[in-house]
1. Touching a Leu at 6+ places or on another chain (Cβ under 6 Å) and open to solvent by 50 Å² or more (accessible area, probe 1.4 Å) - does that describe any residue in region 366-386?
2. Does Gly344 satisfy being within 37 Å of the chain's Cα centre (by Cα) and assigned to a loop (DSSP other than H, G, I, E, B)?
3. Do you know which of the residues in region 250-288 that are over 24 Å from Ser312 (Cα atoms) and within 43 Å of the chain's Cα centre (by Cα) is least open to solvent (accessible area, probe 1.4 Å)?
4. Please go through region 216-249 and pick out each residue that is of a type outside the set (Val, Ile, Thr) and either crowded, with 22+ Cβ neighbours inside 10 Å or under 23 Å from Asn455 (Cβ atoms) (or both).
5. With among the charged types (D, E, K, R), closer than 26 Å to Ser401 by Cβ and at pLDDT below 95 as the only criterion, which of Lys512, Lys530 stands out?
6. Output the number of the condition that Arg293 fails; it satisfies all remaining conditions of (1) open to solvent by 60 Å² or more (accessible area, probe 1.4 Å); (2) in contact with a strand residue (DSSP E or B) (Cβ under 6 Å, 6 or more places away or on another chain); (3) assigned to a loop (DSSP other than H, G, I, E, B).
7. Just to confirm my filter: which strands (runs of 3 or more DSSP E) fall fully inside region 389-505 and include at least 2 residues that are among the β-branched types (Val, Ile, Thr), at pLDDT 95 or above and crowded, with 21+ Cβ neighbours inside 10 Å?
8. Checking the structure you have, find out if any residue of region 310-319 is buried (at least 16 other Cβ atoms within 10 Å of the Cβ), under 26 Å from Ser214 (Cα atoms), free of Cβ contacts under 8 Å to residues at least 60 places away in the same chain and among the acidic types (Asp, Glu).
Amino acid sequence: MLSDTGASNLPGDVSNPFLSKFTTSPKKGRMSPAEESISTLREGMGRMDISSRGNSMDYLHMERKDSKEIANRRELDRFVPSRPSSIAAHSHSSSTLPTLALDGHSPDTSMDRSGSLSMDHTTSSLSATLGVPQNNRRILSFRSAPPPASHATSHLDAQRNYLLHSSSSANRGTGTNAAGKEGNKKRAPPYVPERVLDAPGFEDDYYLNLIDWSCSNRVAIGLGDTGYVWDAESGTVNALGGGDESEDRPKVTAVSWSNDGAYLAVGTDAGEVEVWDVEEGKKMRVMGGHSARIPSLSWHGHVLSSGCRDGSIHHHDVRVAKHKVMELIGHNAEVCGLTWRSDGQFLASGGNDNVVNCWDGRIGASVLQTGEGVPRGVAKWTKRNHTAAVKALAWCPWQSSLLASGGGTADKHIHFWSTSTGARTSSLATTTQVTSLTFSPHSKEILGTHGYPDNTITLWSYPSLEKIWEVPAHDSRIICSSLSPDGTTVCTGAGDENLKFWKIWEVKQSKKDKGDEGGMINDGGMGRSKNTVRIR
């Protein structure tokens, strides 16, 4: 960096220090001090010996004859607030470019040390304010993504987590374990069922419920116009009524076992409910009252509830002659989902009108009556969040106020409800039609069976709603499912006319339970045995 005086004494055009040619040859003999400095500067430029320290460049330190003091300049950040006045006085001079070191000149570092101390103090202040450690790290840097939330705080979080998980698992039949829980061991998905039974004539109708598993380890199946009972212990199959085909009987549209496993209720296409004594193989009674087919049934004690295609729900007391003790009005279309809570306090229903209703379980408590003098009930709360038929309903065994509902093809969502407040606690988006839901009695997980287009069974953890695994189950859509008495195996029936048994969970027995192998678990009246179910 040359002063105006030095430049005017040059013999040629040297305003550009990188110019190697001269208009006139340099003088021979003794040079003036200014010419010696210029010569030294050119030699340094030829070698390109650039002096640097850290991230800043030192200014050129050279003696000038007409200068009274040596100016040591250093390029600093103008936005640093705490700057010494001596440095601030020189920071806005006309010479702001880094220069080249001269041979034979040692720069004065007194100002550099004071500037470094000031910069260290400023850096310490910024680091303390921003919480950034001073181990030579930049304030702005790339970092890894934050860890996932331990639970879903809203249905939007659940949907986002589901989409992220689905994009990372490209292959069907693969899944990951719930990452947010410690000690959660990975387990292989059940790619192969424990057993497959042929079910010719199994109706491919989304709205029907044609499978139920009793506490006595018997599976009831409705095939055509006949109900069948398969004993999982012995492997024998018995047809209700001996399979007599001489009489014209209506189609079976629903089956449901009583809580003690002694009686089987069968709903028909004619709007009648049949009650069978399975041990005797005898039809106990036939209860009418509905005007259309009955696709859903559910027991609680001596009360049998039936859902009709016309949207009505009847409570039948099977002990008395006038069996219809209450009628529930709250659906405008077919009632395809119906299930009592284990303690009998609430009844949940879902219909083809995309509605979920929760009913008070007290029979005859309503002051309203029908034209026949039968009490008429009104839903405690009604939810219309689904956009398709609601068939899949499940009560949580370890959180009695939790209800899950699943929608059909146009909806593909699972919603979770609090029956205490009627609020939706969370929501889960799926990729297929939801046909049934089952909570695990042994762990905080929920199993879903699906129809079009994937025909899969999927296991999620709760409340994180993370997918654990998903496997293809049938060649056609799954219509319904039922849980075994020990809570480990799920039976699924599909339009491909097959019944498949999937081992989903393992029984977790404590030391206290091991000492009483022959006992029964009090499952809120459900009568589930804690002995492992054997399937032959």
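The values are calculated or read from the model by the stated rules, or taken from the named source; none is laboratory data. Computed from a predicted model, the values in this text were never measured in an experiment. For neighbour counting, all protein chains shown are included, and Cβ atoms are generated from backbone atoms with ideal geometry for every residue, glycine included. Keep in mind that these areas ignore ligands, DNA and RNA; they rest on the heavy atoms of the full protein, side chains included. Shrake-Rupley method; radii C 1.70, N 1.55, O 1.52, S 1.80 Å.
1. Yes, that holds for at least one residue.
2. Answer is yes for this residue.
3. Gly261
4. Of all residues in region 216-249, those of a type outside the set (Val, Ile, Thr) come to 216-218, 220, 222-225, 227-228, 230-235, 238-249.
Ala220, Gly222, Leu223, Gly224, Gly227, Trp230, Ala232, Leu240, listed by residue number.
5. Lys530
6. Unmet condition: (1).
7. Values: elements: 390-395, 402-407, 413-418, 424-429, 434-439, 445-450, 456-461, 467-472, 478-483, 489-494, 498-503.
By residue number, 434-439, 445-450, 456-461, 478-483, 489-494.
8. Within region 310-319, one or more residues are buried (at least 16 other Cβ atoms within 10 Å of the Cβ), under 26 Å from Ser214 (Cα atoms), free of Cβ contacts under 8 Å to residues at least 60 places away in the same chain and among the acidic types (Asp, Glu).
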